[in-house]
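Single-structure report; data block below.
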Amino acid sequence: MAEAPKKLLVLVVDRDDDIGRKTGVKTPIIGFEENLKAAQALLLSDPEEADANAMFGALRVYRELAETYGEDHVEVATLAGKENEGIEADMKIMNELNEVLRRFKADGCIFVSDGVTDQFVTPLITSKIPVVSIKRIVVRHSESVEQTWLVLGRYFKLLFTEPRYSKIFLGVPGIIMAIVGILYMINVASIPLMLSALGIYFILRGFGVDQRIGGAVKNFMQVFRMPAYAQLRTFAAFTTFILFVTGLYMGYITTIGAVYAKYPNPPDPLTHTWWWLDKAPFLIGSFISGSVDLAAIAILITILANIVYYLFSRNPRIWGAIRGAVLLLWIWALLKRAGVILIAGATGGLENPQVFLLAITAILGVVTLTVTLIVTRMLRRMYSKYFRRKA
């Protein structure tokens, strides 16, 4: 006989307690003869039961190990949980495993499984005893198919038993079908119209449009519960969007009007592309001149609202917002002058008044921004105790 190893426990776990429900046999079942009788009883009650095949597989493993290492060093046992396969089932399995280990002090375990509940049961076993090997017994169909049907069965069960799921998958379609049927019977709506309405509903629901609309409405309602300075910031963001879009539209209208005013019969852009490319500076200048005022005001409103927000929230970002406001004013001035030059098609250097004004604007902008940077740094040090980040 080969040298005896540490004691091994051949273990089968019936997590949903098929053996208890179908045969009335109490678990844990310990020993070869007891497991053989229980497996035979389970097969007689349900010839297609996978747990019975796992039990016979465990008996075969037990017999092979007993012939090699001796019966004193090997034991076989079957544990069972509960029908719901939840926390109570796992607790019952743990209690039965403790009982088996008290009666047979094993040093390792060979887990024989039908392949379905390995992921749930294996951690329970390993918390009490090392798992030397896992042997899967798959007889009737492949493991992946069995797991797929197991998951589908659980989800279908949830659809009919869980109120939060049944309301959506049963209640809402039921209401829709009832309304459709009533409207059709009283000749209020036709089948194509009802199908279109159902299609629109499924599209909105499938792409989550209804949830996004609901979330937007919920966020909008939060505005009325915000502090006053936060409400000002939200209003400024909305105003900025409206003014900016309007500014772009004004730039487009201004450009179209300027083109037809200067060129009453402009050629087709598809056939005279180079003509339009040659007029690109004039078009860009017209667009800038028509849109820059509203666009600058829109952004300035947001910056001013942020300054007020940072002031009341005592956030040191206020100094960056102030510098941003000054920077925006000079960018607006530069773009305004650049638009005039592009429209007029000015040539020459600083002797041209328009070019000279653009250069002066740029230089004054640099000086002003430098002064603003120095002043805000001084103010930041002076009011460092007031403007501080909250932990």
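What percentage of the solvent-accessible surface of the chain, computed with a 1.4 Å probe over protein heavy atoms, is contributed by carbon and sulfur atoms?
Accessible surface attributable to carbon and sulfur in the chain totals 66 percent.
In nm, what is the difference between 0.36 nm times the number of residues separating Ile360 and Ile87 and their Cα-Cα distance?
90.5 nm
Per DSSP H run of n ≥ 4, the term is -39500 (n - 2.57); total these for the chain, divide by its residue number, and report the mean residue ellipticity at 222 nm rounded to 500 deg cm²/dmol.
-23000 deg cm²/dmol
Place a +1 charge on the Cβ of each Lys and Arg in the chain and a -1 charge on the Cβ of each Asp and Glu, then give the dipole magnitude about the Cα centre in debye, rounded to the nearest 20.
3200
Applying the Karplus parametrisation 6.51 cos²θ - 1.76 cosθ + 1.60 with θ = phi - 60° to the phi angles of region 296-301, what ³J(HN,Hα) value in whole Hz is obtained for each residue in order, glycine and proline being reported as x?
5, 4, 4, 5, 5, 4
If I take every Cα pair under 8 Å that is 6 or more residues apart in region 1-78, average their sequence separation and divide by the length, what percent do I get for the relative contact order?
Answer for region 1-78 is 51 percent.
What FRET efficiency would be calculated for the residue pair Phe238, Glu351, taking the C-beta separation as r and a Förster radius of 41 Å, to the nearest 0.05?
Result of the calculation: an efficiency of 0.30.
At R0 = 45 Å, how high is the FRET efficiency between Leu44 and Tyr184 if r is their beta carbon distance? Nearest 0.05 is fine.
So the FRET efficiency works out to roughly 0.25.
Based on the Cβ-Cβ distance of Tyr386 and Gln211, what FRET efficiency does E = 1/(1 + (r/R0)^6) give at R0 = 35 Å, to the nearest 0.05?
After rounding to 0.05, the efficiency reads 0.25.
If you take every residue apart from Val308 with its C-beta less than 15 Å away from the C-beta of Val308, what net charge results, scoring Lys and Arg +1 and Asp and Glu -1?
+3
Out of the DSSP beta bridges found with both residues in the chain, what percent are antiparallel (nearest 5)?
Counting only bridges with both partners in the chain, antiparallel ones make up about 10 percent.
At 1.4 Å probe size, put Val340, Val10 in order of accessible surface, largest to smallest.
The residues order as Val340, Val10, largest area first.
Can you list residues whose amide H is under 5 Å from Arg136's amide H, if they're 5+ apart or on another chain and H is modeled 1.01 Å from N?
The list, which skips near neighbours in sequence, is Ser113.
What do you reckon, how do Phe241, Phe387, Phe111 stack up by accessible area (1.4 Å probe), largest on top?
Ranked from most to least accessible, the order is Phe241, Phe387, Phe111.
Each residue of region 326-337 in turn: what ³J(HN,Hα) in whole Hz from Karplus with 6.51, -1.76, 1.60 and θ = phi - 60°, glycine and Pro shown as x?
5, 4, 4, 4, 6, 5, 4, 5, 5, 5, 4, 5
Report D for the chain in µm² per second (integer): Stokes-Einstein, Kirkwood Rh on Cα pairs, 4 °C, 1.567 mPa s.
Taking Rh from Cα pairs, D becomes 43 µm²/s.
Report the one residue of Ile288, Leu277, Gly345 whose Cα lies farthest in the direction of the positive end of the charge dipole of region 247-359 (charges on C-beta: Lys and Arg +1, Asp and Glu -1; origin at the Cα centre).
Ile288
The values are calculated or read from the model by the stated rules, or taken from the named source; none is laboratory data. Computed from a predicted model, the values in this text were never measured in an experiment. Positions of Cβ are generated from backbone atoms using ideal geometry, with glycine treated the same way; all protein chains shown enter the neighbour counts. The protein model used for the area step is the full one, side chains on, heavy atoms only, and it has no ligands, DNA or RNA in it. Shrake-Rupley method; radii C 1.70, N 1.55, O 1.52, S 1.80 Å.
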